[in-house]
Amino acid sequence: MKKKYALFPGCLMPTEQYAYELSIRETLPLLEVELIDVEGFSCCGEPMKSVNQLLTLYLSARNLAIAQKHHLDMFVPCAMCHLALTECQHVLEKNPAMKERINGMLAAEDLTYTEKRHIVHTIDLLHDEIGIEKIKEHVKKPLHGLKIAAHYGCHILRPSEIGRPDDSENPQKIEAILEALGAEPINYPQKLDCCGAPLLANLPESALTKTGQKLQAIQEQQIQGLVDVCPWCHKMFDGRQTKAGETVAAKLDVPVVYLTQLLGVAFGISAEKLGLELNLSPVEKLQLEGAK
Amino acid sequence: MRRIGVFICHCGINIAQNVDVKALTDYASHLNGVVVAKEYKYMCSDVGATLIKDTIKEFKLDGVVIASCSPRMHEHTFRRVANDGGVNPYRVEISNIREQCSWAHSNKEQATEKAKYLVRSAVSKALSLEPLKPSKLKVIPEALVIGGGIAGIQTSLDLADDGFKVHLVERDPSVGGHMAQLDKTFPTLDCSSCILTPKMMEVANHDNIELLSYSEITSIEGSIGNYTVKIRKKPRYVDVDKCTGCGDCATACRLKDRIVSEFNQGMGKRGAAYMPFPQAVPLKYVIDAKKCLFLTKGKCGEEPLCKKACAQDAINFNQKEEIVERKVGAIVVATGYDIMDPTIVYEYGYDTSPDVITTLEMERLISSSGPTKGEILRPSNQQKPKSVTFILCIGSRDETQCTWCCRIGCMTALKQVYLLREKLGEDVEINVCYNDLRSFGKGYEEFYRKVRGLHTNMFRGRPSEVRTMKENLKIDIFDTTTNKLFEIKTDMVVLVPAMMPRTDATEFARLLHLTLSGDGFFLEAHPKLRPVDTFVNGIFIAGCCQAPKDIQDTVSQASAAASRAATILSQEELEIDPLIAMVDEDACTGCGICVEVCPYEARTLNERKRIAEVNDALCAGCGGCIAACPSNASIHKNFTKKQLLNMVDDIM
Amino acid sequence: MTNEKNPTTSTAKHGSVLVLGGGIAGIQSALDLADAGFKVYLVEKQPSIGGTMPQLDKTFPTNDCAMCILAPKLVATGRHPNIELMTYSDLKKIEGEIGNFTVTINKKARSVDESLCNGCGLCVEQCLVRFKPQKPKQYDATKSLEKNDLKEVDHIMNTYGKTSDAIIPIMQAINEHYNHLPKNILRYVSQEVGVPLAQVYHVATFYTSFSLKPRGKHTIKVCMGTACHVRGSPRVLDEIQRVLKIEPGETTDDGMFTLETVNCLGACAIGPVVVIDEKYYMVKPGEFGKILNTITLEKSSPLIAEVK
């Protein structure tokens, strides 16, 4: 049974993190997920949250209202967007006065938010909605011998009170998916550490320190690589790895891939289609089949 | 011709402010059946009581109406006062013109009108009240104490010293409970065993105490003054009359040191034949039926080594469980507590590192009779730790786990800091991460200051996780007293877990019809006025099964429960409240619905007569059967439908 | 059925117990013992049992009204056939040993016959001293003064008279003599003149010429008026603050200087003006140090300034 979702791309994925989008569009249709591109989606507002909460609420509510207009559930691959939209929904449901105010603002575009939207991220879409069994069915080239670590990031796990795709203290869904792909997920003490992205704008050195420290720890534990599920985390670990290495005075050489990229490789899709050459980190070290 | 007296209370200004009591009194005095109406400021006081008594005598009253606060406050008092004056105590009707009138309304005129209706209906009820007589029940002067920890032990000794026979039931092979697992007790640092074992010995040897160890309660029937208790004595597979406690069987046991020891909180091992701890009372061995090879598989090598080793021939694999019955007049429940399993709070690393332990486990390490003979060694490598960190409130005061404070956590941690410092000297760094330091009791503050002075690093904050690194453990903590973020690298972490009700508390409560409070502990009848009573007459609670507390408060409560139980046991007869259900035998069809509905098991069906019967001692007057009876045969004495409908008519 | 049950019809007699103290603890002990068949003598030193609990409005954590939950126990105690209440009594002597004590109780005189009193309250309404305020023992301020100070202050007060009109001149004289208004002396003045201490403080804190803290030997006043301001008096003030290390209103640790600011001294022509011990100086920014040195060397000061 095909599942339909409005794809909410956010800002970072379509402008910089193309590999994520490429791998999503290659793999999900195989799992009978139809992604609808909706006109009018804008920024979710999360980057402004610390400066103007009303703006963030308005922007998120606007996107929810657009999805409502099209009667679609939302698939949100970016963890920051996922938190913004979920939190906005939580606030509006609990605070009728705010809901009214926001709807007043949305009225200018003939939009309205009245019903809760079902919002999923890559993790729960794959693990809960599609299911491990179905993923296993499609594995043609199991990733045997791949000792890889999962990075969940923060926005996808907290705050737990509003409901997040995985447990905030001991998340295991990415590991379950990796096992289904035949890989060997490795547990490590720094698993729940942040990538540093939210600090990038105001405290870039602190941001890169966090990125560098985590990569350094992974490197020291002889783990082959890192898997992530958010364009911001990937931007830090993959895109800023060299700079992070300079910040923590370490030579970093850790392959970083999107979960959906690994999914594609296991499904037998070519590396080019999955955007693997767009990764700035040395993914060739993983010696993935189909990759150069 | 009935002669009713109406007494209107001002309740200070609680009633008088919103109800015109003079007008009300005047109105009442003209009601049908009322010969006199009086008003006074505090009817519940000595003066008010005397007023009622004197008025009864002067006007030869045969019924009394009190218009005052809720009957929940003083109904019992007013009944006694009326009785003293010569009126049957059940011909007293209380009209609540405070909570249901004065306190609920602000318009004085309307409130007074309402009060008039209320009093009028109360008078009409008073006119129809029957002069009931309480029935009497003989009291068995023996007590049942459930639980052989320090609470149960203290209660048993107090009652036994009072001269009553006590049956003490303990489900473990030995009495002593959690206190026996402790090394020292705060704040005096008395050796726990030293102060406990004399009491344990006394309990075993007291003429008035029957100790039923390794036994469980299977059923309790009856009511206050007359309970019938069935107890299952579990088989030890050791003849206690022959066993001398020498220990040869345990030394010989094929499974020696292969089974996790519960007493040592999983830090040590025992065999299938074992003594729970060296000072156990009774000092008799027991064979673990779930692990013993002979009992589970039918054979143990060539032959069971324990049987071979025992010089007294005390091993008896043919022992069976035995159900015994005892009759008692009062019951005290002292079943104690369990600690929370920290596995639930994954982030503190209890599951991921062997060096993360609970305070109870640390207590066993400290104890010289423990698995390491009192040496403090890291479970991971059996080396002395160079740094130990205590984290308080694991699971306590936590919205997602136990919302309550465990009360003993702070003092336990401080005590262990002191003992560690004593054992390891200055070679160990000791850190304490706390929320609030609660050192509330006598001598506690002094103890806290002493421990602070022992080079203890005190951090006020809550670490979000204990990270298991290769060689040690890492903790990040933000200290709110210095506003600094600290990183602690430590060899051992001791978690102070929440104190919880026993895992089977809910099931056990059902056996005795006990109520549980929201947190799962047994509910006391009133936290201030009746802290050891329960809602079931004749059953009392003491110790941590009621709420977390330290040993001092446990012992006080245990003595209090004994005192309360003694007030029942020292009487030859008890009066039973007559405000209960009765059966109209002519109307009863014997359908049996009331029997199913009764939560107190007070209803039975007389098969021969095919009508229902009420056990006066058990009936609590809840009214369930009254509502359920399809034939109007179930009647609540002095609360009949006719009486209540008359009251409604009067109000309308 | 939540109130106390177990009405006692006990005919058992086991012995007797003395309970000392009629608060909630004593009451509960007495009731439990009496219900168990013991004769209880409940001795309480106050005229009524109850203790502290009746003084409370509500009790935590249930917010029960304290009196509402206590009253049934009070009445039960009063009416229990096994309890003999001895209120307004205290313990004189205990002799004997466990199981056989002989106790001597002192029953204080109520001056009211308990058997006749019905609690009507008429005697209270008629009481002659009912409305006289019961003042607590007064604090005698005389005790806190040294002999010399006592003599001095008495002399001042006698000069101006011990009336409320004379408060200001009295305080001026004291301020002049002691260089400030010491607290214990103000207390003494208040006591002797019969003016409430709060009022004395009211006056003391209103006028800037009064000081509650000891003043320095030399007072430095910096003029902050308009003319002086445009000539740089803020910079002068800054400099003085830097040199002396105090702020306006404060006195140096060695007790030499007190610094103050004033609004206008009417000597604009020689601004920026600084008055030191009633001497007027024109102090340009940067020159305070020089002036300061001359002051500490001087013993007396003529009234009109030296310039520069």
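Taking only the range A:185-196 into account, find how many residues are over 13 Å from B:GLU465 (Cβ atoms) and either touching a Ser or Thr at 6+ places or on another chain (Cβ under 7 Å) or in contact (Cβ under 8 Å) with a residue 60 or more places away in the chain (or both). The qualifying residues number 2.
Based on this model, can you work out whether A:GLY104 counts as at pLDDT below 95, under 30 Å from A:LYS69 (Cβ atoms) and not hydrophobic (A, V, I, L, M, F, W, C)? The answer is no for A:GLY104. Taken together, B:ILE195, B:ILE153, B:ILE140 contain a single residue that is out of contact with any Pro (no Cβ under 7 Å at 6 or more places or on another chain), of a type outside the set (Ser, Thr, Tyr) and surrounded by 22 or more Cβ atoms within 10 Å (Cβ to Cβ), which is B:ILE153.
Within the range C:119-148, residues that are more than 23 Å from B:THR50 (Cβ to Cβ) have Cβ atoms under 7 Å from residues that are exposed (fewer than 10 other Cβ atoms within 10 Å of the Cβ) and among the hydrophobic types (A, V, I, L, M, F, W, C) in these pairs: C:ARG130/C:VAL124, counting only partners at least 6 apart in sequence or on another chain. Suppose we keep only residues that are in contact with a strand residue (DSSP E or B) (Cβ under 8 Å, 6 or more places away or on another chain) and aliphatic (A, V, I, L, M) within the range C:76-110. Which one would you say is nearest to B:GLY85 (Cα to Cα)? Once the filter is applied, the top-ranked residue is C:ILE83.
Quick check: anything in the range A:168-183 among the polar types (S, T, N, Q) and at pLDDT 95 or above?
So in the range A:168-183, the residues among the polar types (S, T, N, Q) come out as A:168, A:170, A:172.
If we keep only those that are at pLDDT 95 or above as well, we get A:172.
Taking every residue of the range A:168-183 in turn, at least one turns out to be among the polar types (S, T, N, Q) and at pLDDT 95 or above.
Look at the range C:33-63 and say how many of its residues are crowded, with 17+ Cβ neighbours inside 10 Å and within 11 Å of chain B (Cβ to nearest Cβ). Counting residues in the range C:33-63 that are crowded, with 17+ Cβ neighbours inside 10 Å and within 11 Å of chain B (Cβ to nearest Cβ) gives 9. Applying the set (1) modelled with pLDDT under 90; (2) surrounded by fewer than 13 Cβ atoms within 10 Å (Cβ to Cβ); (3) of a type in the set (A, V, I, L, M) to C:MET67 leaves exactly one unmet item: (2). Of all residues in the range B:465-478, those satisfying the criterion of being of a type outside the set (Val, Ile, Thr), within 14 Å of another protein chain (Cβ to nearest Cβ) and surrounded by 15 or more Cβ atoms within 10 Å (Cβ to Cβ) are B:GLU465, B:ARG467, B:ASN472, B:LEU473, B:LYS474. Residues of the range B:560-589 that are within 11 Å of another protein chain (Cβ to nearest Cβ) and either touching a Cys at 6+ places or on another chain (Cβ under 8 Å) or among the polar types (S, T, N, Q) (or both): B:SER563, B:THR567, B:SER570, B:GLN571, B:ILE580. For B:LYS373, the conditions (1) under 30 Å from B:ASN537 (Cα atoms); (2) modelled with pLDDT under 95 all hold with the exception of (1). Taken as a whole, the structure places B:THR589 among residues that are surrounded by fewer than 16 Cβ atoms within 10 Å (Cβ to Cβ) and among the hydroxyl-bearing types (Ser, Thr, Tyr). Go through (1) surrounded by 15 or more Cβ atoms within 10 Å (Cβ to Cβ); (2) under 25 Å from B:SER369 (Cβ atoms) for B:GLU262 and report which single condition fails. Every listed condition holds for B:GLU262 apart from (1). Restrict the check to the range B:532-545 and report whether at least one residue is out of contact with any strand residue (DSSP E or B) (no Cβ under 9 Å at 6 or more places or on another chain) and either within 13 Å of another protein chain (Cβ to nearest Cβ) or closer than 30 Å to B:VAL466 by Cβ (or both). Yes: the range B:532-545 contains one or more residues that are out of contact with any strand residue (DSSP E or B) (no Cβ under 9 Å at 6 or more places or on another chain) and either within 13 Å of another protein chain (Cβ to nearest Cβ) or closer than 30 Å to B:VAL466 by Cβ (or both). Report yes if some residue within the range B:408-424 is crowded, with 17+ Cβ neighbours inside 10 Å and under 30 Å from B:ILE217 (Cα atoms); otherwise report no. There is at least one residue in the range B:408-424 that is crowded, with 17+ Cβ neighbours inside 10 Å and under 30 Å from B:ILE217 (Cα atoms). Selection of the range A:22-70 for residues being touching a residue at least 24 places away in the same chain (Cβ under 8 Å), charged (D, E, K, R) and part of a helix (DSSP H, G or I) yields A:GLU26, A:GLU46, A:ARG62, A:LYS69. Checking each residue in the range B:505-515 for being surrounded by 14 or more Cβ atoms within 10 Å (Cβ to Cβ), in contact with a Leu (Cβ under 9 Å, 6 or more places away or on another chain) and not small (Gly, Ala, Ser) picks out B:PHE508, B:LEU514. Here the strands (runs of 3 or more DSSP E) wholly within the range B:315-371 that include at least 2 residues being surrounded by fewer than 19 Cβ atoms within 10 Å (Cβ to Cβ) and hydrophobic (A, V, I, L, M, F, W, C) are B:322-328.
Each row is one residue, and each column tells you yes or no for (1) of a type in the set (Lys, Arg); (2) more than 14 Å from every other protein chain (Cβ to nearest Cβ); (3) within 29 Å of B:ALA560 (Cα to Cα).
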| position | (1), (2), (3) |
| --- | --- |
| B:ARG449 | yes, yes, no |
| B:ARG460 | yes, yes, no |
| B:PRO463 | no, no, no |
| B:THR480 | no, yes, no |
| B:LEU485 | no, no, no |
| B:LEU495 | no, yes, no |
| B:LEU512 | no, yes, yes |
| B:THR515 | no, no, yes |
| B:PHE521 | no, yes, yes |
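The single condition among (1) closer than 21 Å to B:THR335 by Cβ; (2) in contact with a Ser or Thr (Cβ under 7 Å, 6 or more places away or on another chain); (3) of a type in the set (Asp, Glu) that B:GLU142 does not meet is (2).
Helices (runs of 4 or more DSSP H) fully within the range B:20-121 that include at least 1 residues being acidic (Asp, Glu) and either under 39 Å from the mean Cα position of the chain (by Cα) or within 14 Å of chain C (Cβ to nearest Cβ) (or both): B:46-59, B:71-85. Which residues, taken from the range B:598-636, are within 19 Å of B:LEU137 (Cα to Cα) and assigned to a loop (DSSP other than H, G, I, E, B)? Correct list: B:TYR600, B:GLU601, B:ALA602, B:ASN615, B:ASP616, B:ALA617, B:LEU618, B:CYS619, B:ALA620, B:GLY621. Of all residues in the range B:439-467, those that are within 19 Å of B:GLU426 (Cα to Cα) have Cβ atoms under 6 Å from Cβ atoms of residues that are outside any loop (DSSP other than H, G, I, E, B) and among the polar types (S, T, N, Q), 6 or more apart or on another chain, in B:ASN457/B:ASN431. Taking the range C:198-213 as the range and being part of a helix (DSSP H, G or I) and exposed (fewer than 15 other Cβ atoms within 10 Å of the Cβ) as the test, the residues that pass are C:ALA198, C:GLN199, C:HIS202, C:THR205, C:PHE206.
Among the residues of the range B:547-597, those identified as acidic (Asp, Glu), farther than 25 Å from B:LEU144 by Cβ and out of contact with any strand residue (DSSP E or B) (no Cβ under 7 Å at 6 or more places or on another chain) are B:ASP550, B:ASP586, B:GLU596. Scanning the range B:616-639 for residues that are surrounded by fewer than 17 Cβ atoms within 10 Å (Cβ to Cβ) and polar (S, T, N, Q) turns up B:SER631, B:ASN632.
A single member of A:LYS173, A:LYS210 is over 23 Å from A:LEU125 (Cβ atoms) and out of contact with any Ser or Thr (no Cβ under 8 Å at 6 or more places or on another chain), and it is A:LYS210.
The values are calculated or read from the model by the stated rules, or taken from the named source; none is laboratory data. As the structure is a prediction and not an experimental result, all values here were calculated from the model. Using ideal geometry, Cβ is built from the backbone for each residue, glycine included, and neighbour counts are taken over all protein chains shown.
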